[in-house]
Structure formats: C-alpha cells, structure tokens
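Q: Structure in structure tokens, see below.
None of the figures in this text is laboratory data; all of them are computed from the coordinates on show. Because the structure is a prediction, the values reported are computed rather than measured. Cβ placement follows ideal geometry from the backbone for every residue including glycine, while neighbour counts extend to all protein chains displayed.
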Amino acid sequence: MLYIYNQSLGMSTPRIGYATTGMERTILVCGAGLMGHGIAQVMAQAGHTVRLYEPELSRADAGIERIRGNLDRSVAKGRLEAGESTAILARLSATDSLEEGTQTVDLVVEAVFEDEGVKRELWARLDGWAPAAAIFASNTSSMSITRLATATGGARRARFVGMHFFSPAPVMPLIELIRGTETSDETEAEIRAIADELGKQVIVSRDRPGFIVNRILMPYLAEAMRAYEEGLGTAEDIDTGARVGLNHPMGPLELADFIGLDVCLGVMEVLHEGFGAPHLSPPPVLRQLVDAGHLGQKSGRGFHRYPRDG
C-alpha cells in the first residue's frame, strides 16, 4: 500500500547504510513494481542476496534500475557512500524464471497486483519449487492471509504470513505482520527478526479485512469522497481542511490520488465484502473515476490534476 513520504510526516531521513543482520538470506521478491522494487532494495541494504522476479525480464531489469536511481540520489545527498551503493547493487539480480529463482530461497515476498486469483496462482507455483523451510510472505494490504495460504500445501501454511510494507519501502518504518490461522510462532519470530534487520517497527494484526492501518484509513478516505460527491466542498477545500484543521500531512483526496484510486477501490471492496457495513462501501465517485481511467497521480488525474501548481 502507498502512503506518505517521511518528509511529509515530519520524520528525519537517516543516513542509509547496512543493518546488522543475524544471518544472510537468499530472498525472492515477486513483482518489481513500486512496492516490489522498494522491498528488494531494503532487503539488499540489509545484506541479503535478492532476486527480483517478473515474468518479463525487462520489467525486472527496470525494477533494478529504479533501485539504482534511488541509491544514486542517496549518494548525491550524502546519505550513502558510493562503495555501499555498489555493494547493495551487487546483491541484486533480475530473473524471469520463477522455478530457478525459488529453489534455494529462504524467504519469498510476494508484491504482485492486488488480485486474489493472481496471488493464489503464484503461490501454488512457488510451493512446488521452494524449499520446505522457506517462508512465504505476502505484501497484500487487505486480503486474507489464511485464504491465500490455502493455495499451498498443508505443510507450507505454518510458514505463510502477511508482511505488509508501506511505500516508499526504503523510507517508511512500519511493517504490519499478519498471522494466518496456521502461521506458527516460529514464523512470526523470524519475520520479526528480519524486520529488525531492516530497521522497521512491527505491528501485529489479526487476519481481518484491511488489517489495522487500512481498516482505519479507508473509511476516512471514503467519507472525504462522499463529502466531495455531495458538493460539501471542493477537493482543494476538503484537503485543506484536513491539512490545516486536523494537522494532517496530506489531505484525504490527495492521499487517495497518491495511493492510486484503483488500489483504494480494491481495498474498500475487500472491506465492504468482509464486514458489510455501509460506511465501508466504495463511494460511486470513486468507481466513476476508476472506470474513466483517472487513477490519481500515476495517470495524471484523479480528484486533482497532476502535476499540481505549487
């Protein structure tokens, strides 16, 4: 899930370097998009060997190039030494072979599109190739970990867990850990250890739709959308009300645009299906914008147009 850069939250940006790791792991990250390449970066920064998978090698290579760009900017700002950047990049490799990329891994992190069918198909394939001891961690922001785990064999389910990063993953300090029905204490302990190596704080959520953060966030965004839909105020006025009146770093509509309106719609649908409460249903204006292809910042238009003046 996408959220707000730490500068917006008023947090300081630490110098990037190596975390102290208890052990070096081989990690497969499935999906080289915005979340996937960020997760791959933080894993490599922590000293792990990382394979970044996409079914098209060019997309995996593009993910590594985005990491290179992130590291170059950190070097330019003095938060990372050039030699450290080179070492981090040396730990990364791109692959389009799921079978070859999986056979010797200690941890698989799935960061593909938020579609349950896509995720289940991927996990079923991975289960046939990964070592029995490998942990399977989904970066889903709302879907049932217990249900995703049923795509794998019974023996694997104790090693299946939710590991929800926040974007941008190299910056945001939180991980939501979600235990499925069969997730073992040992698996939770290992994910906590990895999160500590990454310098992340862990919160633990029960396996309920939206987990903790989106259970709180999405109704807030939906109510702002309904206020806009009803003509209560302009998008700018609603956002300014939250920024200035509530001292929030971003207004709810611009935050929804930043997250991606299609992503917001998907999470709201999961919440509404799971709980059935009217206040959790996606507002019609959100569906209309998504149907029109207006997905927020990534498409140039959502509740606002981008780039915005100022």
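Q: If you take every DSSP beta bridge whose two residues both sit in the chain, what share of them, in percent to the nearest 5, is antiparallel? Working shown, then result.
A: Numbers: 7 of 33 bridges.
Of those bridges, close to 20 percent are antiparallel.
Q: Report, in cubic angstrom per residue, the convex hull volume of the C-alpha atoms of the range 6-205.
A: Value for the range 6-205: 108 Å³ per residue.
Q: In addition: Quote to one decimal, in nm, the extra length available between residue 113 and residue 147 on full extension: 0.36 nm per residue of separation minus the C-alpha distance between them.
A: Working: separation 34, 0.36 × 34 = 12.24 nm, distance 1.64 nm.
Taking residue 113 through residue 147 to full extension adds about 10.6 nm, to one decimal.
Q: Over the range 214-299, what is the relative contact order in whole percent, taking alpha-carbon pairs under 8 Å and six or more residues apart?
A: Contact order relative to length: 33 percent.
Q: What list do you get for 50, 29 if you sort them by fewest beta carbons within 10 Å?
A: By the 10 Å Cβ count, ascending: 50, 29.
Q: Now a separate question. If you add up the charges near residue 64, with Lys and Arg at +1 and Asp and Glu at -1, over every other residue whose beta carbon is less than 14 angstrom from its beta carbon, what do you get?
A: -1
Q: Please report 145, 175 as a ranked list, fewest other C-beta atoms within 10 angstrom at the top and most at the bottom. Mind dumping the intermediate values first?
A: Values: 145 27, 175 24.
Neighbour counts put them in this order, fewest first: 175, 145.
Q: How do 228, 220, 53 line up, fewest other C-beta atoms within 10 Å first? Write down the numbers at each step before the final one.
A: Values: 228 21, 220 14, 53 30.
So the residues, fewest neighbours to most, are 220, 228, 53.
Q: Work out the P(r) tail for the range 214-299: percent of alpha carbon pairs separated by more than 23 Å, whole number.
A: Of all Cα-Cα distances in the range 214-299, 16 percent exceed 23 Å.
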